[in-house]
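Take a look at the following structure, please.
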Amino acid sequence: MCEQHKPPYEILQNSYYGTRSRAEIGVNRMVQEKYFTAAYPPHDGPYQLPEYYVPEEHLNARQILYKYWASWGMWYKYQPLDHVREYFGEKIAIYFAVLHCLAVTRAIVGLIVFTLSVKSLNANPVAQQVCDEEHSFDMCPLCDACGTWKLSENCLNSWLAYLFDNGYTVFFAVFVSFWSVLFLEYWKRTSAVLAHHWDVFDFAPLEENPRPQYAALSTEMRKNPITNQLEPYFPARIRTARMISGISVLFMMVRENHSK
């Protein structure tokens, strides 16, 4: 959720539509009870590009992202993180920045290793011997009532075993071990550059508010010793009674299952 959408979302989440005793509160509960089909922020215009020519500065944010980002033809290009940040917020943009750093180098090397492994399948003498049906060995039965079976029946498994366990995959494992160290240092630099560019060095995540349904059913308010804010509170006797009732129901369900 974008940062600018959080204040109205909090209002919708803490608005009553029924009685407090039944915790009828929040737009999400109304969606669950089929009052609404869905609840989400409206989009800024259509994402489809117009059929006629329109200068790029006149396109809306969704059209820009659809053209230059959410398309299979753009997989090899650098992600427009500034546009992602403007539309989705800093948290989502940081996620895709991490995803880009994680995927590009390792994916390319992994694809090369997999291609070389496939090309070298015919050079594997063990798999060739296993798959040779003319000179296949008779193997011992797998159970008392089973008969003998041919070693060539295990041909597919031998090819797959070689495909993911060969000299190229050993190189890839060594590469990933060194790449993980270099990635951490590279990401420290990249995250600092993005934080400076977006002016979020002093960004502090918002504290998660108590769940509205929990707050509606609470019996009293007490001050949180950490934040010094009033929060919904359930006395120990009510919490103990609910825990005992929950454990009792769980015990009866387990007992009923064992009796069957």
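The values are calculated or read from the model by the stated rules, or taken from the named source; none is laboratory data. Fair warning: this is a prediction, and the values are worked out from it, not measured in the lab. Note: ideal-geometry Cβ built from the backbone for every residue, glycine included; neighbour counts use all protein chains shown. Areas reflect the complete protein model, heavy atoms only, side chains present, ligands, DNA and RNA absent. Shrake-Rupley method; radii C 1.70, N 1.55, O 1.52, S 1.80 Å.
Give the residues of the range 46-62 that are in a helix (DSSP H, G or I) and free of Cβ contacts under 8 Å to residues at least 12 places away in the same chain, sorted by residue number. Spell out how you get there, then give the answer.
Step one: of the range 46-62, the residues in a helix (DSSP H, G or I) are 56-58, 61-62.
Selection gives Glu56, Glu57, His58.
Go through the range 123-137 and give me each residue that's surrounded by 10 or more Cβ atoms within 10 Å (Cβ to Cβ) and of a type outside the set (Val, Ile, Thr). Even if it seems obvious, please write down each step before you answer.
Filtering the range 123-137 for residues surrounded by 10 or more Cβ atoms within 10 Å (Cβ to Cβ) gives 123-124, 126-133, 136-137.
Correct list: Ala123, Asn124, Ala127, Gln128, Gln129, Cys131, Asp132, Glu133, Ser136, Phe137.
Is there any pair with a first residue in the range 82-94 that is without any contact (Cβ under 8 Å) to a residue 60 or more places away in the chain and a second that is open to solvent by less than 40 Å² (accessible area, probe 1.4 Å) whose Cβ atoms are under 6 Å apart and which are 6 or more apart or on different chains, and what are they?
Correct list of pairs: His83/Ile64; His83/Leu65; Val84/Ala93.
Next question, about the same structure. Just give me the residues in the range 23-38 being more than 13 Å from Leu12 (Cβ to Cβ), among the polar types (S, T, N, Q) and at pLDDT below 80, in sequence order.
Listed by number, the list holds a single entry, Gln32.
Got a number for residues in the range 147-172 being open to solvent by 60 Å² or more (accessible area, probe 1.4 Å), out of contact with any helix residue (DSSP H, G or I) (no Cβ under 8 Å at 6 or more places or on another chain) and not in a helix (DSSP H, G or I)?
Of the residues in the range 147-172, 4 are open to solvent by 60 Å² or more (accessible area, probe 1.4 Å), out of contact with any helix residue (DSSP H, G or I) (no Cβ under 8 Å at 6 or more places or on another chain) and not in a helix (DSSP H, G or I).
Could I ask something else about it? Out of Leu111, Leu65, Leu99, report the one residue that is open to solvent by 100 Å² or more (accessible area, probe 1.4 Å), in a helix (DSSP H, G or I) and of a type in the set (A, V, I, L, M).
On the way: Leu65 fails: open to solvent by 100 Å² or more (accessible area, probe 1.4 Å); Leu99 fails: open to solvent by 100 Å² or more (accessible area, probe 1.4 Å).
From the options Leu111, Leu65, Leu99, the qualifying one is Leu111.
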